[in-house]
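Worksheet: the structure to be examined is printed underneath.
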Amino acid sequence: MLRPNDPGRRRAGAAQTVAGSAAPAPASGPASDPASGSVPAPASAPSLDLDLAQVRAFAAVARTLHFAVAAEELGLTQQAVSKRIARLEERLGARLLERGRGMRAGLTEAGERFLGPARQALSAGERAVTAARDDGRRPLRIDVWGHLYAPLRILARLAADEPRTGVDPGTGRDFPSVADAVRRGDIDAGLGRVPVLDPHAATGLAQRLVRLEPVDAVLSADHPLAAADRLRPADLRDSVLRYPADLARLDFLNCFARRFGVRHRLGATNLGLDPFLDQVRSDPGCFSLFPADAVSADAPGVRFVPLVEPTPLYAWSLVWPEGREPDRIGDLLAACARVGDRRRWTEFDAARDWLPGPSTD
């Protein structure tokens, strides 16, 4: 990946601060072949013990209907997810998933019957762990969303800079799913970008800005503008804005397109970072946007170019239930503020930066 040097990305100057899994148990017999769909009969036993890591892998694939997407959410390889589910099917003596092309999956009748109780088992397991650990110092359960933009690195930096901050991170599918989990009390808080175009999206939630992150344009090395050291958002008006998911799900990109007059947009199925960068690499007429620190791995054939005049900012926020603040959320917010001050995470200069609002101005 080529990223031009930019010593002034968060330069000093006139600025204001915006307020703010366990490894699977070994199989008792030979593993089944996920591709063939054959599942050996279960060994006879008076009782059946389930491995929750295997159940969690199944639940993730059942939710996303895609092995690659589920693997990325769980932080595992596709092979590890497939093996866990194969061992679960072997233990149950039933095929739970239909394997399709391109790592896609569908539920069998047995899978549909198993899914509800499986989710209940996972919830019961989480409650049991929480009860055992709850001595007054239980870590806050925080789910992140927007996984393509690597939100866990925000929590990782927070934990590194403020080691006394107890956080138990998890991953959610998107903002609506995390918001619902927060409202139900399944988790204490969420972290990601809160949509601004839907005025009702955050109903029932309190929120606090944690970080404003500059955004880069992502281009194929063959794009006509790929050689630029910096670009203005207006320079991209005649290119196609490629989305890593359905058009309706990416509020930030929609705001950018409206504000800077990008007329051509193209949605896709979210298959993870590498497939998306492959799409950008192979299409010299398109571009996308990424928070500047989200991608650090080498990506041949792709350029990340800083945006200026203005610099778009991606807003990372914490959300929690409005009116019923979880224990120690105040300590977490104070820790976020300290990290933000030290790392200048919330600097905003209205003359230099652009932060999307409901009007996208």
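Each reported figure results from applying straightforward, stated rules to the coordinates on display, with no laboratory input. Quick caveat, the model's predicted, so the values are computed rather than measured. Backbone-built Cβ (ideal geometry, glycine too); neighbour counts: all protein chains shown.
Structure notes:
- The mean of 1/r over all distinct Cα pairs in the stretch 86-183, once inverted, gives the Kirkwood hydrodynamic radius of 16.5 Å.
- The alpha-carbon atoms of the stretch 250-361 define a convex hull whose volume equals 168 cubic angstrom per residue.
- Gained length - Ala160 relative to Asp222, 0.36 nm times residue gap less alpha-carbon distance: 18.5 nm
- Calculated from backbone phi, Karplus (6.51, -1.76, 1.60) coupling profile of the stretch 76-84 in Hz, x at Gly/Pro: 10, 7, 4, 4, 5, 5, 4, 5, 4
- By definition, a body whose alpha carbon gyration tensor gives a ≥ b ≥ c is prolate when a/c is 1.5 or more and a/b is larger than b/c, and the stretch 163-255 fits this prolate description.
- Divide the volume of the convex hull around the Cα atoms of the stretch 52-133 by the residue count and you get 87 Å³ per residue.
- Peptides 267-273, 225-231 ordered by average Cβ neighbours within 10 Å, highest first: 267-273, 225-231
- Near the amide H of Ala245, within less than 5 Å, lie the amide hydrogens of Ala268, all on another chain or at least 5 residues away, with H placed in the peptide plane.
- Modelled label reach - Arg119, point 7 Å along Cα→Cβ, the stretch 185-204 residues with backbone N closer than 15 Å: 185-187
- When +1 charges are put on Lys and Arg Cβ atoms and -1 charges on Asp and Glu Cβ atoms, the dipole computed for the stretch 52-133 relative to its Cα centre reaches about 120 debye.
- Positive-end extreme of charge dipole, the stretch 195-242 - chosen from Pro199, Val218, Leu241 (charges on Cβ): Pro199
- For the pair Glu126 and Ala351, the difference between a 0.36 nm per residue extended length and the Cα-Cα distance amounts to 76.3 nm.
- Using a simple spin-label model with pseudo-atoms 7 Å out from Cα toward Cβ, Asp180 and Gln279 lie 2.4 nm apart.
- The stretch 138-361: radius of gyration and largest Cα-Cα distance (Dmax), Å: 17.6, 53
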